[in-house]
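Asker: Take this structure first; my questions come after.
Please treat every number below as a calculation from the coordinates, not as lab data. From a predicted model like this one, the values you see are computed outputs, not experimental measurements. Every residue, glycine as well, gets a Cβ built from its backbone with ideal geometry; the counts of neighbours run over all protein chains shown.
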Amino acid sequence: MLAMRQRKSNRQAIFHLISKLEDMLEKGGAHFPSEDPYHDLINYFEGEYLLDRAIELSDLAIRQYGLSPKFYLRKAELLLQNKQAEKALATLDRVDYLTSGSLDSSLLRAEGLASLGMETEAISLLDELKYYATSEELSKIYTQEALIYYQQKNHEKEFYTLKAALQEDHSNKEALSRMWFCVESARRHEESLELHEKILDQDPFCSLAWYNTGAAHQYLCNHEEAIEAYEYAFITNEHFEFAYRQCADVCMYTGKYQKALECYKEVLDRFEADDDLFLCIGLCYKETGNYPVARTFFDKALRSNPMNDEAMFQIGNCYAGQKKWDKAIKAFLGAILENSLNEEYFAAVAEAFYVTGKLRDAEIHFRAAADIAADDAKYWIRLARFFMDTQRLQEALNVLDEAEEYTFGSELLYYRSAFLFKMGKKRDALLVLEEALCEDFYAHGSMFSVMPMMAKDSEVKAVISIFEPD
């Protein structure tokens, strides 16, 4: 609650400043008594992606504080973000007039040159700066150089340049922040772990280093280590929203729903809630079987974003879990109305129709799921099983024939063998079984779910024993 009150207070302060700004502009000639309100408003407009408004405000600040290079630098940053590199370079000329040898100005100039396709000139400028730079300055220079490699999509070179930046100054927040994205693109997760472990040896309270360590462990499927690293990330920085969210995501993936819920509730308490957050909390409750509470959060997700088809789908899953099939069907169809290209939605409503005896509707939607995800065998298999369960065995085989035009797998063969066995075509079933066993011996249990009697058939058991690996 304290965090929520703080957020509300911050918003009120910003809105008060915006109101004062509008009054100031109406009066003309009026101005803020200090630089701070300008910086606060520029940061706010930038955060809201209102770059034109932020640039206009920087011009107002420059008119009032024209001898200060801060607002020229800020304007140049905003112009670069707004893809106006030529204007940014002209603004930096004014900075260089006011203060010679500004590292920040030179770094932004390099970025501007690179944005105009003059990467060679940009790198040359940065190389010149390196000669007389301190370790902290050198770290900034390397970070700016890495940005150029990012723009060139040379992620490997970007990684090693960011690594050099952090070796010069492990507290460089920009380099630490960008390292995560770079590692994902360069696939240097093992090296990332080694680098960040060294940083944490020097600074065990570096939350960004813990976060990057967690991300590397997550990619490498070291889930327990990832959870622990993310926990240290938000323990060392209680305002680190992404650390809470990533920790919760790994917990969800590994079935630790209660732990995930604790992380998501921290996000709910400390930060602005969105439909994705409500959806994740609802999923935690759904996975633990608490369907009524899960639905309340899915409803909140829908109120936040009425077009959230995933929330509608999960509401349907909750009703299905409670065997309230009519309500489940209504929710599933609502999800399909918002997103008609998701095979899961069609398969789910088909199951609900099937349970309620609406076989024609079930067939239509099972077929739609298979058509949408034609390269996924499981939807073809479900359609084929539907035909088998409704005693339409030849149509079941026809579906498997059609499936092989789009996908292939041992499971399709095992189901074909089971269907043939059920149709009394035992010889054909055994021939198909041999082919399936050669493809993937250990998947043969799938056919027993269709035809349990096959597990007791002596000829079937004999064929399986022949192909059993030594």
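Asker: Using the alpha-carbon centroid of each, what span in Å lies between the range 239-267 and the range 394-470?
Answerer: Value for the Cα centre distance between the two parts: 42 Å.
Asker: For the range 99-115, just list the computed ³J(HN,Hα) in residue order, Karplus coefficients 6.51, -1.76 and 1.60, θ = phi - 60°, integers in Hz, with x standing in for Gly and Pro.
Answerer: 8, 7, x, 6, 5, 4, 5, 5, 5, 5, 5, 4, 5, x, 4, 4, 5
Asker: Mind sorting 232, 65 by how few other Cβ atoms lie within 10 Å of their own Cβ, fewest first?
Answerer: Details: 232 22, 65 17.
Starting with the residue having the fewest Cβ neighbours, the order is 65, 232.
Asker: While we're looking at this one, here's another question. Ratio to report: Rg/Rh of the range 163-236, with Cα atoms as the point set and Rh obtained by the Kirkwood method; give two decimals.
Answerer: Working: Rg = 10.9 Å, Rh = 11.8 Å.
Rg/Rh for the range 163-236 comes to 0.92.
Asker: When the Cα atoms of the range 273-339 are enclosed in a convex hull and the volume is divided per residue, what value in Å³ results?
Answerer: Working: hull volume 4.1 nm³, N = 67.
Per residue, the Cα convex hull of the range 273-339 comes to 62 Å³.
Asker: Turning to a different aspect of this structure: From the Cα gyration tensor of the chain, with a ≥ b ≥ c the square roots of its eigenvalues, which class applies: rounded if a/c is under 1.5, or else prolate if a/b is larger than b/c, or else oblate? Intermediate values should be presented prior to the final figure.
Answerer: On the way: a/c = 2.68, a/b = 1.95, b/c = 1.37.
Judged from the Cα gyration tensor, the chain comes out prolate (a/c at least 1.5, a/b above b/c).
Asker: At q = 0.12, 0.19 Å⁻¹, work out log10 I(q)/I(0) for the range 1-132 with the Debye formula, treating every Cα as an identical point scatterer and leaving solvent out; two decimals please.
Answerer: So the normalised log intensities are -0.55, -1.05.
Asker: Ranked by Cβ crowding within 10 angstrom, fewest neighbours first, how are 182, 221 ordered? Display every interim value, and only then the final one.
Answerer: Details: 182 24, 221 9.
The most exposed by this proxy come first: 221, 182.
Asker: Which loop trypsin sites (Lys or Arg not before Pro) in the range 290-363, with loop taken from DSSP, have no more than 15 other Cβ atoms within 10 angstrom of their Cβ?
Answerer: 323
Asker: In whole Hz, with x marking every Gly and Pro, tabulate ³J(HN,Hα) for the range 165-174 from phi via Karplus 6.51 cos²θ - 1.76 cosθ + 1.60, θ = phi - 60°.
Answerer: 4, 6, 6, 7, 8, 5, 9, 5, 5, 5
Asker: Please determine, in degrees from 0 to 90 and to the nearest 10, the orientation of helix 189-202 with respect to the longest principal axis defined by the Cα atoms of the chain, where the helix direction is its Cα long axis.
Answerer: Compared with the principal axis, the helix lies near 50 degrees.
Asker: Taking the Cα atoms only, what angle lies between the long axis of helix 36-47 and the longest principal axis of the chain, rounded to 10 degrees?
Answerer: The angle comes out at about 30 degrees.
Asker: For residue 59 and residue 223, what is the calculated FRET efficiency with R₀ set at 41 Å and r taken between the beta-carbons, to the nearest 0.05?
Answerer: On the way: r = 50 Å, r/R0 = 1.23.
The value I calculate is 0.20.
Asker: Then there is this: How would the range 236-300 be classified by its alpha-carbon gyration tensor: rounded, prolate or oblate, with rounded meaning a/c under 1.5 and the a/b versus b/c comparison settling the rest?
Answerer: Working: a/c = 2.45, a/b = 1.36, b/c = 1.80.
Because a/c hits 1.5 or more and a/b fails to exceed b/c, the range 236-300 counts as oblate.
Asker: Hey, another quick one. Once you place label points 7 Å from the Cα toward the Cβ at residue 103 and residue 378, how far apart are they in nm?
Answerer: That separation, rounded to one decimal, is 5.3 nm.
Asker: Compute the angle between helix 458-467 and the longest alpha-carbon principal axis of the chain, please, reported from 0 to 90 degrees and rounded to the nearest 10.
Answerer: Rounded to the nearest ten degrees, it is 40.
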